[in-house]
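The values are calculated or read from the model by the stated rules, or taken from the named source; none is laboratory data. In this text the structure is predicted, and so the values were computed from the model without any measurement. Cβ coordinates were reconstructed from backbone atoms using ideal geometry, including for glycine residues, and neighbour counts include every protein chain displayed.
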Amino acid sequence: MSDHTPQFGLLRQRRFGPFFATQFLGAANDNMFKFALTVLVTYQLQVGWLPASVAGLVIGALFILPFVLLSATAGQLADRMDKAVLMRRVKDCEVAIMATALLGFVMQWPALLLVCLVGMGVHSTFFGPAKFAYLPQVLKPSELTGGNGMVEMGTFVAILLGNMVGGVLIATPEVGRVHVAIACLCLALVGRWTSRSIPNQAKPEVVQRMNWNPWSETMANLRLARTDGLVFRAVLGISWMWFFGAVFLAEFPVLAKQVLHGNEQVAALLLVVFSLGVGTGALLCESLSRGRVEPGLVPIGALGMTVFAIDLWWTLEGLSAVTHVLTLSAFIHAPGRWHVLLDLFGLSLAAGVYSVPLYALIQQRSPVTHRARIIAANNILNALFMVSSAVLAGGLLAAGLNVPQLFLSMGVANAVFVALMCWRDPQYLRRSKNWVLRSLGRIHTPSA
């Protein structure tokens, strides 16, 4: 085998292809089920104890709750077990959860479906540390950036497809619930089948006893992540990316309706553009980094996030007013709307370039005996940062900011955060300078 396999070439190899398919199908299933359930309780069922006005928030909170409560336990298990075996056990649970959800959809039992939603949150919580700790076990150092780029691209495409297919199926008159239920169960079964081909790895050496107290273990994981300052700053950097991105994703429906004056198809288009941008940026990282883990891409990606966020604010503030709701076709041909789409694509592409090197850096520098626990700490902070972003965005909007001004504030906050990150660890800017000089042909030696 050659020293370096291109990222798309990894799909043809057993060490990566079945794993990629398994995680792709799991992410698609999570989002198809979650979005279909949101539409069901918002538009189709009258649930007295779950008003439609708060259904989306409740569903989102219930799905993310296990990440906060159980990530510490998930990280311990992933550090103690063969990652491939753990992923297969998690997929077994997914099949059982989706079989239960089939009953919930057919009988129209929203309480049972919410229990299944929490179960899918638990499924993702336990799959995440095993997933990211598996990659450095099977990929060479020169393949880590490309492999992580493929995983991030696959995740965002899966989120996009899951939401779209779930929305289309649940909207089918009379039989939409049954179609969603069958589709979710089929995805779980296919995911379990692909997981059979993930090659087993050596069982890790157990270094400590299991701690079943989630609070104390969460604190222990965060302390563990802080033992290496570079790793901890990478963890914070990833959590910030989810904070930043969650604000934009949450405001897409409002942006489409109140600012762009578009219909539901316009809101869907914004999600498509954002997802494709992140996926494109993630895939670009391998060629930009030239087969190495390149922290120098982080400030460059962050700069793009800020520039496009500010330009998006400027563009939105200058849009001409319309007096009617724009269809998708009318939106595309309306003045200034293409500029909005380009800003969103550029912003999300930059986010992909920003985040992939940080994931690779955590995997490369974390000790193998504690790698999954550090990744679990990252998942905990991701969840907390996303919840915080919703609270902060809601507060800023309630204080009088409009959506374009909220985007402007996020662009400025992003610049401040990354400036502090680079101040605490100057190697990011040093590596960025060397990367730019190499790209211009001014130096030919690897960066320090």
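From the list M219, M241, the lone residue that is under 27 Å from A72 (Cβ atoms) and either without any contact (Cβ under 8 Å) to a residue 24 or more places away in the chain or assigned to a loop (DSSP other than H, G, I, E, B) (or both) is M219. Every listed requirement among (1) at negative phi; (2) surrounded by fewer than 16 Cβ atoms within 10 Å (Cβ to Cβ) is met by E174 save one, (1).
Is the stretch 124-133 home to any residue that is more than 16 Å from the chain's Cα centre (by Cα) and within 21 Å of N379 (Cα to Cα)? Checking the stretch 124-133: at least one residue is more than 16 Å from the chain's Cα centre (by Cα) and within 21 Å of N379 (Cα to Cα). For the stretch 260-303, the set of residues classified as touching an Asp or Glu at 6+ places or on another chain (Cβ under 9 Å) and part of a helix (DSSP H, G or I) consists of V278, G279, G281, A282, L283, C285, E286, L288, listed by residue number. Evaluation of P299 against the conditions (1) surrounded by fewer than 24 Cβ atoms within 10 Å (Cβ to Cβ); (2) out of contact with any Cys (no Cβ under 8 Å at 6 or more places or on another chain); (3) closer than 23 Å to F417 by Cα; (4) not charged (D, E, K, R) shows that the sole unmet condition is (2). Looking only at residues of the stretch 349-385 that are touching a helix residue (DSSP H, G or I) at 6+ places or on another chain (Cβ under 7 Å) and not in a helix (DSSP H, G or I), we find that the one that is surrounded by the most Cβ atoms within 10 Å (Cβ to Cβ) is S366.
Yes/no matrix, rows are residues, columns are (1) in contact (Cβ under 8 Å) with a residue 40 or more places away in the chain; (2) among the basic types (K, R); (3) closer than 26 Å to Y134 by Cβ:
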| site | (1), (2), (3) |
| --- | --- |
| P18 | yes, no, yes |
| A28 | yes, no, yes |
| K34 | yes, yes, yes |
| L37 | yes, no, no |
| R88 | yes, yes, yes |
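Can you name the condition, by its number, that A181 falls short on among (1) more than 30 Å from A415 (Cα to Cα); (2) buried (at least 22 other Cβ atoms within 10 Å of the Cβ); (3) within 22 Å of the chain's Cα centre (by Cα)? Tallying (1) more than 30 Å from A415 (Cα to Cα); (2) buried (at least 22 other Cβ atoms within 10 Å of the Cβ); (3) within 22 Å of the chain's Cα centre (by Cα), A181 fails exactly one: (3).
Which residue out of L401, L397 is in the same structural domain as V356 (by TED's automatic domain parsing), surrounded by fewer than 19 Cβ atoms within 10 Å (Cβ to Cβ), out of contact with any strand residue (DSSP E or B) (no Cβ under 9 Å at 6 or more places or on another chain) and not in a helix (DSSP H, G or I)? When all the criteria are applied, what remains is L401.
Residues of the stretch 184-201 that are crowded, with 16+ Cβ neighbours inside 10 Å and in contact with a Pro (Cβ under 6 Å, 6 or more places away or on another chain): T194, I198.
Between A181, A188, the distinction of being under 15 Å from F35 (Cα atoms), in contact (Cβ under 8 Å) with a residue 60 or more places away in the chain and outside any loop (DSSP other than H, G, I, E, B) belongs to A181 only. Taking (1) surrounded by fewer than 22 Cβ atoms within 10 Å (Cβ to Cβ); (2) within 21 Å of the chain's Cα centre (by Cα); (3) over 24 Å from P367 (Cβ atoms) in turn, E94 satisfies each apart from (1). Just one of (1) in contact with a Gly (Cβ under 9 Å, 6 or more places away or on another chain); (2) over 27 Å from L283 (Cα atoms); (3) among the basic types (K, R) fails for R80. It is (1).
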